[in-house]
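Quick note: the coordinates plus some simple rules give every number you see, no bench work behind them. All of these numbers come straight from a predicted model, not from anything done at the bench. So basically every Cβ, Gly included, is an ideal-geometry build from the backbone, and we count neighbours across all protein chains shown.
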Amino acid sequence: MKFSKSLKLNHIFRRLYHTNGQANGYLVLYARPNRSATNRVGITVGKKLGKAVVRNRVRRRLREIYRCNEHRFAPGWDIVVVARSRCISADFGKLTDAYLALAEKLGILQ
RNA sequence: CGACCAGGUUGGACAGUCGCGGCCGGGUCCCCAACGGGACCCGGGUGAGGAAAGUCCGGGCUCCACAGGGUAAGGAUAACGGGUAACGCCCGCCGGGGGUGACCCCAGGACAAGUGCAACAGAGAGAUGUAGCCGGUUUUACCGGUCAUAGUGAAAAAGUGCGGUAAGAGCGCACUCGCCUCAUGGGAACAUUGGGGUGCUGUAAACUCUAUCCGGAGCAACGCCGUGGAGGGACAUAUGGUUGACCCGACCGUCCCGGGGAGGCGGCUUGAUUUUGUGAGCAAUUGCAAAACUAGAUAGAUGACUGUCAAAACAGAACCCGGCUUAUAGACCUGUGUCAGUAU
RNA sequence: GGCCCUGUGGUGCAGUCGGUUAGCACGCCAGCCUGGCCCGCUGGAGGUCGACGGUUCGAGUCCGUUCGGGGUCG
């Protein structure tokens, strides 16, 4: 990935949750400009979604979606993706559509 | 051939295109006086489990100054013999129970040291006398004897037969049963037969007793580096404090108030390790020799898509081992294994 | 990752030492009261005691395993 890193700091997560995010049945997306040339992406998969195997699979798929579509995102944003329970059974194509639709609403696509 | 039994192995495969975490080698650039450090790129090789899970036991390791002695409390275990670093685990064996059988299951010490409890029912629950039976008398009743029979209950004074008696009772005898003990066999639990004694309810996952074991807390332990920073006050050498129950012993500054910070590195994987061969042992296990290095992340690395076969479970390491328990589709192997039927 | 606590009607809680029938409050249903509603009074329903197994004559209670919920750490 050319201009993206993972978002790790807990206080930035909390700051993003206070912004107005966009949501649909699969995901919730929060975004905020970070005054740099890189994107920082954080993924939240709560314990409600299932056991470790289920949560790992959801997280890996969400990361893969971002990686495959990085060229469509604009740089300079902190992004947090929260998985909802419908992610567990959703197929990859629908999840990609849902992800990109939310990104478009937030205006972080190029 | 069918239905099983026991033990063990495995836990989707192959190809293609992108992608991720360590490690090794090389290259480019940057920082530094130097040692070195960082970013990116290329190549190689490697990368979750049999349960990684539950956290139910046992250890290693770290800290509590040391982890020393004693006492009490608390907890754990429980036939016997062995294995192990240790265990509540494993193996063997004994006893008991289940199955036609191969085999499987059992917290399996001591209520005959003491205490407690045993509701309801019943006369009576660890000691008794309701009905009944028998005898006597002052005869619609009372006194004495008795517990075989009846009834109650989860459990009722060891069972059957004969004798005996007013009626009866281990009161006596024979056989059987249980327990204790001696002899015999066995390494032991224990077994069998014989001798002697005895007739004692159940419950210890009730208190308790006996034997053995246990200091506490946990890798978010703990150590180091960096950033930040502001220190101030009180008591003071023993009638104090620490040692996470207490005592001995040992050790010595201690306590209070306030402020700030909370990022990184180590711990972190070579170990009671794995594989093969061979010796010992019924086995668990273990001696010796050779070879191998097999994840080390830190918001936490294995994914996506396509094709073929198969349709396929339970499920994701976080300091590390030995077990136990629980979840689990399918496939395969072993057995002078079992049962029934048919064929020969 | 470690260490703790806790599960009883719809909800919140009792249940002491194992002992016959699991109790209380609110809620729910029916009746009475009222012209009608609330309040009040009377009666009633509703529980595999989280699940499974064991000990015992007998388990909500004791023991083991297991499932769910909650808390905590520097």
Read phi for every residue in the range A:94-110 and hand back ³J(HN,Hα) as whole Hz from Karplus 6.51 cos²θ - 1.76 cosθ + 1.60, θ = phi - 60°, with x for Gly and Pro.
5, 5, 4, 4, 5, 4, 5, 5, 5, 4, 5, 4, 7, x, 9, 8, 7
Inter-label distance for residue A:92 and residue A:8, nm, one decimal - labels placed 7 Å from Cα along Cα-to-Cβ:
2.8
Could you compute how fast chain A diffuses translationally, taking Rh as the Kirkwood radius over C-alpha pairs and applying Stokes-Einstein at 10 °C with viscosity 1.306 mPa s? Give it in µm² per second.
114
Summed residue charge, Cβ within 11 Å of residue A:24's Cβ, Lys/Arg positive, Asp/Glu negative:
+3
Residues with amide H under 5 Å of residue A:34's amide H, sequence separation 5 or more or different chain, H placed in the peptide plane at 1.01 Å from N; which?
A:77, A:78
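Return the FRET efficiency for the residue pair residue A:67, residue A:22: r is the Cβ-Cβ distance, R0 is 25 Å, and the value is rounded to the nearest 0.05.
0.75
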Please list 3J(HN,Hα) in residue order for the range A:48-55, calculated via the Karplus relation 6.51 cos²θ - 1.76 cosθ + 1.60 where θ = phi - 60°; whole Hz, with x for glycine and proline.
5, 6, x, 7, 4, 5, 5, 5
Averaging sequence separations of C-alpha pairs under 8 Å and six or more residues apart, then dividing by the length of chain A, give the relative contact order as a whole percent.
37
Tell me, what ³J(HN,Hα) does each residue in the range A:73-82 have, in order and in whole Hz, if you take phi through Karplus 6.51 cos²θ - 1.76 cosθ + 1.60 with θ = phi - 60° and put x for Gly and Pro?
8, 8, x, x, 10, 9, 10, 10, 10, 10
Within chain A, how many Lys pairs sit with Cα atoms under 26 Å apart, leaving out pairs fewer than 8 places apart on the same chain?
13
Within the under-13-Å Cβ sphere about residue A:90, not counting residue A:90, Lys/Arg +1 and Asp/Glu -1 give a net charge of +3
Going 7 Å from the Cα of residue A:104 in the Cα-to-Cβ direction, what parts of the range A:23-56 have a backbone nitrogen less than 14 Å from that spot?
none
